[in-house]
Structure formats: structure tokens, C-alpha cells
1. In nm, what is the difference between 0.36 nm times the number of residues separating residue 157 and residue 242 and their Cα-Cα distance?
2. Report, in degrees rounded to the nearest 10, the 0 to 90 angle that the Cα long axis of helix 170-181 makes with the longest principal axis of the chain.
3. What FRET efficiency do you get for residue 13 and residue 192 if R0 is 30 Å and r is their Cβ-Cβ distance, rounded to the nearest 0.05?
4. Using a Gaussian network model of the chain whose springs link C-alpha atoms within less than 10 Å, name the residue from 26, 161, 232 with the highest mean-square fluctuation.
5. Give, as ranges by residue number, the residues of the range 200-228 whose backbone N falls under 19 Å from the point 7 Å along Cα→Cβ of residue 249.
6. Hey, rough spin-label estimate for residue 274 and residue 231, points 7 angstrom out along Cα→Cβ, what's it come to in nanometres?
7. Only Cα pairs within less than 10 Å get springs; with that Gaussian network setup on the chain, which residue of 290, 174, 132 has the largest fluctuation?
8. In whole Å, what is the distance between the alpha-carbon centres of the range 208-272 and the range 1-29?
């Protein structure tokens, strides 16, 4: 089968289209013929491994020294079940599904930058929402699960004010929708060119983080949600950490290890089927343009998700 392999850590030029052996499902696994995957910020981080020495050592313990232990990156997939192990009961051959190759910090599987992938039945796999394309389904898991992880730490009541910093990215666009679903009054922080996007997702107010008067536009919020993490900051972001009600909380995607339980994944499927959430796709690339897709994500300005068709 065709696959993109990361030959070593570093630049996107190390992502090479190769031919590898097609996987065979174990008794408890399904074989998915992949139709679409996505390039996430985490994929870029793992490929580059451009982090301080101690963090780099820890990451290489997890993923491999010098090059990824599994050279085929990617954790998001959507496609069709082509084969299954003898113990599979929840899925049939021909089912259209989408999946995320992680259910816990110790249970994760890369390999979606390819034509096929095998995953255990009880991991984060579900039938693709009928109202979505394979490309749209591939744009749900990463941002949806990380946004769910952040929202899990809240107890939003109807009308609570929530500020989302980095609202136009894959995590932020899902966080807007999940917070609105919970009843929040949402203020989105992004660049002015993305105002229309975040408003279309339900944002009640917007702040341009590049504006000179951005800090003066802050209100006080029950929750300030940082959807971009420690790598990006601004005077507005620092000020937002203090723009809290007496019992308010500041939550960052970089606080702790994100959890991706199956219950959260199935909730995303349900919300997508009910059209309560919709994924945002910025660009779509073919598999052979993976390096170009990584270069675009690396710029740090994508709107929602970058999807790869296989």
C-alpha cells in the first residue's frame, strides 16, 4: 500500500511517499481503507521535534530515537471497513467509519498517513455521520476531542461568559460549538479576518488579538480557554488570564495530558449527526502532497483543519 513515512525528525522534506506492506487485522481489529486523514499541530510537533532537550528526550522515549518508531504518522482516519478479525461484533465489512488512534496516554496508534490502518474495535471508532463526507469526518476527532477535554473541566451554566483564545483553529472552532451547546455566552479571540468564521459557529462577541485596544475589550469570564497553548502568546492573552470572575478558571490545552476517552468520541459522533457541531476545513491536499500540507500547518494560521484525501 502507499504510505507517507517520516524518515527522520526534522523538516517536512523527511516525509516521503513509499510502498509498505498492507496490514492484516488481528482478531479484535478492523482493517480500514482510509479515504481521508488530517494534518494536526501535534503531527507537526512530532515530525519536527524542535523542543528543549529534556522535552525532546521524553518525546523520543515515547516515539523513538532519531526517527519515529512507527514511521507512518497520523492518528485521524475516515474510511470503509474492508476486513475484520474473528472477534469483531460491532462493525461489518463495508461500514463507513471515522476513527482516532488514541483512547488513553498508553493506548495510541499512529499510521493514518496511509491507504490502510488496523485499529482495535473498542478504540475510538464509530460509524461516520451520514450527513458528512469522509473529509468532514476526518476533521472532527482531533479538535473535537481536545476541545472536549477542555470543556470537561468546566461546569458551564446557561449564560456563563466564556472566552476562547485561538478560536479559529481546529481546537478553538470545536470549543466554540461545544461551549455554545452547553449554554455559554462565547467571546472568541482570533484575527479580524476570521471574525465571520467564528460568528458563523456561534460566537456572541469577538476580539482581534492584534488590535491596539484589544485588552480594553476584555470583560470578566467564568472560563478563559486557551486553545493554542504556551507556544503562542500576546499582551491580550496575558491579560485574559486575570479577566476572571471570583470563581473563574483559566484552562490551557497545555495543562496536563489531554484525555481522549471513547465516551467523548461517541458524543462528538452524536452531536455531528444532529448537526449540533460542524467541522471546519481550511485546505484539502492529496496524500502525495503531505509535505506541502505540513508546511502550511507549520505556518500556524490555519482555519480549522487541514485534510488529506487518500
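Here, each number is a calculation from the coordinates, and none is a lab measurement. Because the structure is predicted, anything quoted here is derived from the model rather than measured. Every residue, glycine as well, gets a Cβ built from its backbone with ideal geometry; the counts of neighbours run over all protein chains shown.
1. Gain on stretching residue 157 to residue 242: 28.5 nm.
2. 60 degrees
3. Calculated value: 0.35.
4. With Cα springs under 10 Å in the chain, the top fluctuation among 26, 161, 232 is at 232.
5. 220-228
6. Here the answer is 3.4 nm between the modelled labels.
7. Highest fluctuation among the options: 132.
8. Between the Cα centres of the range 208-272 and the range 1-29 lies a distance of 34 Å.
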